[in-house]
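A short worksheet on the structure shown next.
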Amino acid sequence: MATTTTTSPTPKETAPTQRADARRNRRKVLDAARKAFAEDGLDVRVEKVARKAGVGVGTVYRHFPTKEDLLQALADDRFAGLAKAARKALDDPDAWNGFSEFMRYSAQVMSGDRALSEAMDQRPEMCGRAAEDVKLLEIVGELIERAQAEGALRKDVVPDDVPSLICGLGRATRETEGRPSMSWERYLAIILAGLRPPADSPLPAAGADS
């Protein structure tokens, strides 16, 4: 009588499956964390993230040993999206429209992402690292130069102004107890109007306190 031999999967067979499962779990954790941070801000508990992701707390900690690591990953993910939007804006033949569309995308992201909005307020170094990793300021600088060369953007705007403006929009449009949020579309329209030439007066030097 022939004997049927069952062979165990080799490491080469199991490793790709394990990596794919790990990637899926990591994405599930990040998606759940973004929702949880949007609800609770930086005070969110890891247990809530795990519950929303449908995984164990141990799985969350395997991917992100601390809550700071999780928040940094969210910032990295979001800034990668901002950089992608900025590069797409560079392809617009209308430089002002490209700049405006990037600002619109950024404003919509900031107003709808409480975690990122609070992180930019309370963890500026974290968002700074995420922005630097994707060279966001360099790309924004190109958008600004194109719009200025077109005569559509005032000449004294610098790349560092953009994250400050978007961060301010996030604060102004955030809902707080007892105060309804301001429309981000209205706030953005005011910002863009102020960036158009001719300017009635020059801006103070970048980084100036007064």
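Just so it is clear, none of the values below were taken in a lab; they were calculated from the coordinates. What you see is a predicted model, and the numbers here were worked out from it, not measured in a lab. Quick reminder, even Gly has a Cβ in these numbers, built from the backbone with ideal geometry, and neighbours come from all protein chains shown.
Odds and ends about this structure:
- Other residues lying with their Cβ under 9 Å from the Cβ of residue 90 contribute a combined charge of 0, Lys and Arg counting +1, Asp and Glu -1.
- Three-way shape call for the stretch 19-65 based on the alpha-carbon gyration tensor, with the a/c threshold at 1.5: prolate
- Cross-linked pairs 88/135; 35/135; 52/84; 28/84: Cα-Cα separations exceed 18 Å for 35/135; 52/84; 28/84.
- Its Kirkwood hydrodynamic radius, worked out from the mean inverse distance over all distinct Cα pairs, puts the stretch 66-198 at 15.1 Å.
- Size of electric dipole in the stretch 66-198: Cβ of Lys, Arg +1 and of Asp, Glu -1, about Cα centre, debye, nearest 20: 360
- Dipole-positive endmost among 96, 81, 126 within the stretch 64-196 (Cβ charges, Cα centre): 96
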